[in-house]
Amino acid sequence: MADLPPISEVAQLKARNLSGALYTVLCLTLTGGGLALGQLDLLWPDLMVPLQWGAWVLGQLLLALGLLQWFVLLHECGHGVLFRSRFFNRVVGHMAGLFCTIPFASWQPIHAMHHKWTGWQDLDPTTASLVPRPLGKAERLLMNGCWRFWIPAFSVVYRVSNFWNLPRLKRLLPKAVRGIAINAAVLALLYFGLIWTIGLGELLLALGPGLVLSLIMLDPIMLSQHTHIPLKRSGGEPVKPFATQKQGVFTRSLRFPDWFSRFILLHFDAHELHHVFPFVPGYRLREIDFTPENEAHWLRWILMARKLPAEVFLFQNRDGSGSEV
């Protein structure tokens, strides 16, 4: 990547406790407000039924934005850059993990491995499952159908395979697996307690659509970052990680409307800049005077990507498929 600003200049863009607190409050407000609007019929029984349903729909939209932002906060806390304080990053990181159904204890080391091995598809734990391989007919039909009809199966598989798969985590992180298992068990007990106390039906009505909508939004954002980009494979040979300054070529950015990028994603869409300067808080990335070469307009890219079958989009890259995605 040409004309990158010097690290000494970018290093001045440090985290701010006040900024981290404000984004955390915004996320809590979106989440709490969305849940409260869904219960407006209990808080205001005399409200007309159409208005109750309207409030519920609005609440689910706010909840979806809140849950999407919890994932971004999880990401920022994992890097230790939402707050300047390590303690606050850990507290909010575990809180975000609760809302995202991702144990913070597994998120942090797996995401660190992702940054270390970005560019090496078979060594990066988050891309290793997409190394080209023979696909069964049922597998192809399932993934192609989910991708075509916007069923957010990929965000679910991403969570389960990378952050809840204890046998795999034990192989990848033998020294950390005990803490991961404890974190996962605590989250599982909390989720079971919610279902037991509130009831599965009531819980699904209160947050089900918002959760699904957040996953639908997250699917293309997550998959845009490294999928269908030419990546290298080690083939089992010893290789060295790519320096952060060299990782932009293996990464894609999406350009969302400024308000959405700034206030909801904390510039999580500026993913090339993030990989080149992972120590910079997301909410300060756009202060860097540099235009990434792999940045694409969000809607144009998503529509183009959705036209490809999932088996092509996920397991091939633009050099082989001929697509500009």
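Listing for the model above:
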read-out	value
Residue order, fewest to most surrounding Cβ atoms within 10 angstrom, among F154, F260	F260, F154
Convex hull projection area averaged over all views, the range 1-153, Cα basis, nm²	14.1
5 angstrom amide H check on L254, placed H, neighbours 5+ away	H271, A296
The chain: most fluctuating residue of Y283, Y23, Y191 per GNM, C-alpha cutoff 10 Å	Y191
Euclidean distance of C-alpha centroids, the range 1-73 and the range 78-100, integer Å	16
Euclidean distance between Cα centres, the range 242-273 to the range 119-140, Å	23
Set K116/K307; K14/K240; K232/K307; K116/K170; K175/K246; K116/K232 screened for pairs whose C-alpha atoms are more than 23 Å apart	K116/K307; K14/K240; K232/K307; K175/K246
Net lengthening on full extension, K246/R140 (0.36 nm per residue, minus Cα-Cα)	34.8 nm
Candidates V81, V57, V280: whichever shows maximal mean-square fluctuation once the chain is modelled as a Gaussian network with Cα springs under 10 Å	V57
Mean ellipticity per residue at 222 nm, deg cm²/dmol - from DSSP H runs of n ≥ 4 across the chain, formula -39500 (n - 2.57)	-18500 deg cm²/dmol
Cα-based equivalent ellipsoid of the range 7-313: semi-axis lengths in Å, sorted from largest, via gyration tensor	31, 23, 21
Dimensionless Rg/Rh of the range 39-107 - Kirkwood Rh, Rg from C-alpha atoms	1.22
Convex hull of the range 220-277 built on C-alpha atoms - directionally averaged projected area, nm²	4.6
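Read-outs: derived from the displayed coordinates by stated rules, not from any lab. Because the structure is predicted, anything quoted here is derived from the model rather than measured. Reconstructed Cβ throughout: ideal geometry from the backbone, glycine too, with neighbour counts over all protein chains shown.
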